[in-house]
Amino acid sequence: MISKDINLAVQHLNSNGIIGFPTETVYGLAGNAFETEAIHKIFEVKKRPTFNPLIVHIKGIKDLEQVAQEIPPMAYELATAFWPGPLTFILKKQPHIPNLVTANQDTVAVRVPNHPVALELLRHLDFPLVAPSANPFTSISPTSAEHVENYFGNQINMVLDGGECTAGIESTIIGFDNNRVVVYRLGALALEEIEKVSGSVTLLNKKEKQPIAPGMLLKHYSPKTNFILTRNVHQELEWYSDKKVGLLLFNSFLPEFNSNNQIVLSEESDLKLAASRLYHAMHQLDKMNLDLIIAERLPEYGLGVSMNDRLERASKK
């Protein structure tokens, strides 16, 4: 059930229910971060392996010590610069955070979402929310209430509708090594923006066993349709000329190709706009009964790097 009723969402969450809720990045599948009953439901509904940790969502910087300890000075600098926003920290957890949230690790992922509905919901609660993306494990992340409803229907209590997600891809996840920044997941905050505050960063964003953060597994964010990422769309079209193909393109249509089977993310070459449309476009193409989706690699700077990371994981067999 899709609803804009925050009070109803609060009732479900207070009763250890789970709901879909909006953030600026993607929709999350949310439950009480302190209650293992609710957390178990999230893993079960998503079919997510419990070795893959979850992100805790809090209402502001003042609540950071409620879930984390031994917080480095750089974390506060970055939180001041980018919270609320699509930046998640990996920090040493407080002992009362359930091990199920952190995959039995001594660290916890935490952020403040930059969405008015999410922040209003958190203000109505006496606990933070644990919320991975509201999609079955490895599927395309949802950027609308309808996506969540299509995935889960009555398996969850409700979907709190907050419109389309404005960032469109997941948060950037970072940790700290002696106050220096380590990036565990590329995301909706570009590395260049982080480096303006922190100085140079280290990228460590792939780990199949015991991942430190969500989004590190090699296969993720995948449509059901076969999916290829390429620098040369024309060449791929020649190789698959006998297939029913859909195209996911950056900034221009192919005039010689069926216009109904191609989506351009931003004719203005605006990477932020392209990111906001990426998953929605993947959902659209995945519904078209195609044999294959061919995605064009984006520019390797800014949010293009984050989007290419998503497309690479989507294309893994």
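Values quoted throughout were computed directly from the atomic coordinates according to the rules given, and no laboratory measurement underlies them. All of these numbers come straight from a predicted model, not from anything done at the bench. As a convention, Cβ positions derive from the backbone with ideal geometry for all residues, glycine included, and neighbour counts pool all protein chains shown.
Every helix of 4 or more DSSP H residues in the chain counts as -39500 (n - 2.57), and over all residues that averages to -8500 deg cm²/dmol at 222 nm.
Per residue, the average separation of C-alpha pairs within less than 8 Å and at least 6 apart gives the chain a relative contact order of 20 percent.
Overall, the ratio between the Cα radius of gyration of segment 168-317 and 2.2 N^0.38 Å, rounded to two decimals, is 1.11.
Evaluated over the Cα positions of segment 211-265, the convex hull gives a direction-averaged projected area, one quarter of its surface, of 5.2 nm². How big is D for the chain, in µm² s⁻¹ as a whole number, if Stokes-Einstein is applied with the Kirkwood radius of its Cα pairs at 10 °C and 1.306 mPa s? Using the Kirkwood radius from Cα pairs, D works out to 80 µm²/s. Using R0 = 30 Å, the C-beta based FRET efficiency linking Asn99 and Asp177 works out to 0.85.
Here segment 63-127 and segment 142-161 have alpha carbon centers that stand 24 Å from each other.
Dividing the radius of gyration of the alpha carbons in segment 72-167 by their Kirkwood radius gives 0.98 for Rg/Rh. Between Val233, Phe257, Leu311, whose Cα lies farthest towards the positive end of the dipole of segment 225-317 when Lys and Arg beta carbons carry +1 and Asp and Glu beta carbons carry -1, centred on the Cα centre? So the residue furthest toward the plus end is Leu311. Note: segment 241-317, Cα convex hull, 93 Å³ per residue. Working from Cα pairs under 8 Å separated by at least six residues, relative contact order for segment 215-317 is 44 percent.
Scalar couplings 3J(HN,Hα) for segment 134-151, obtained by applying the Karplus form with A = 6.51, B = -1.76, C = 1.60 to θ = phi - 60°, are 8, 9, x, 3, 6, 7, 5, 5, x, 10, 8, 4, 5, 4, 5, 4, 5, 6 Hz; x denotes Gly and Pro.
Rounding to the nearest 20 debye, state how big the charge dipole of the chain is about its Cα centre with +1 on each Lys and Arg Cβ and -1 on each Asp and Glu Cβ.
For this selection, approximately 760 debye.
With the charge dipole of segment 150-194 set up from +1 on Lys and Arg Cβ and -1 on Asp and Glu Cβ about the Cα centre, the Cα lying farthest toward the positive end among the listed residues Leu189, Asn150, Gly175 is that of Gly175.
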